[in-house]
Amino acid sequence: MRVLGVDPGLTRCGVGIVEGAIGSPISLVGVGVILTPTDAALDQRLLDLDQQLSDWINLWKPDVIAVERVFSQHNVRTVMGTGQAAGIALLLAAKAGIPVMMHTPSEVKASVTGSGRANKAQVALMVQKILNLDTIPKPVDATDALALANADQQANINSIMAQSKPPVQNNFSSPNLNGLTFGGK
């Protein structure tokens, strides 16, 4: 299964693609950052993000797109840009018929490091270890996108494994109680 992780941002949008299957390690397919010029008009920046993210989707053909869920930040301008970038990713996924999964930052941190309170350095180090990379991808937006794709890949594998387990069967036969009853008159 191939997962495209999107760490949404209007100025810098991290993208990372991982691939894996049950019984095999997750591997890096591609990683990068989509940049839009801060001096361009908002509509042009959104169009630029749309075109570049569409190129990633068309080139790598992911099975799932994982997008970081926008959470409340103190800077309204930043959260607006993040939400707009996330909206572009969601729209492109819908147009391509690709399922979307949304994950909070704490869900991603917990999946990758075991703690939902991990810091950026801890997440980056675990992404490097999980994907067996020589170096940590830079900038942090790229690493965050890989962490997101990784978390979603792990969630997908866990879901498939849970569905494929055979139901537990009770092989015990009822004892012959010879007409005795318990707890009643």
Requested in this report: With springs connecting C-alpha atoms under 10 Å apart, model the chain as a Gaussian network and identify which of Asp141, Asp48, Asp39 has the largest mean-square fluctuation.
Outcome: Asp39
Report task. Among Gln52, Gly30, Val108, pick out the residue whose Cα is farthest towards the positive end of the charge dipole of region 2-121, where Lys and Arg carry +1 and Asp and Glu carry -1 on C-beta, about the Cα centre. Result -> Val108
Report task. Can you tell me the relative contact order of region 2-157? Whole percent, Cα pairs under 8 Å, sequence separation 6 or more. Result -> 33 percent
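So how many Lys-Lys pairs in the chain land under 16 Å Cα to Cα, not counting same-chain pairs under 8 apart? Can you show the working numbers first?
On the way: Lys61/Lys95; Lys109/Lys120; Lys109/Lys129; Lys120/Lys129; Lys120/Lys138; Lys129/Lys138.
Eligible lysine pairs with Cα atoms under 16 Å apart amount to 6.
Return the inverse of the average 1/r over all pairs of distinct C-alpha atoms in the chain, which is the Kirkwood hydrodynamic radius, in Å to one decimal.
Numbers: mean 1/r = 0.0553 Å⁻¹.
This gives a value of 18.1 Å.
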Requested in this report: Provide, for q = 0.17, 0.18 Å⁻¹, the log10 of I(q)/I(0) from a solvent-free Debye sum over equal Cα point scatterers in region 15-81.
Outcome: -0.80, -0.87
Report summary line: Ordered by fewest other Cβ atoms within 10 Å, a rough proxy for footprinting exposure, Arg12, Arg77 read Arg77, Arg12
Report summary line: Place a point 7 Å from the Cα of Gln163 in the direction of its beta carbon; the residues of region 91-121 whose amide N falls under 20 Å from it are 94, 97-103
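Where a number appears in this text, it was derived from the coordinates with a stated rule and is not lab data. Because the structure is a prediction, the values reported are computed rather than measured. Please note: Cβ atoms are built from the backbone with ideal geometry, for glycine as well, and neighbour counts cover all protein chains shown.
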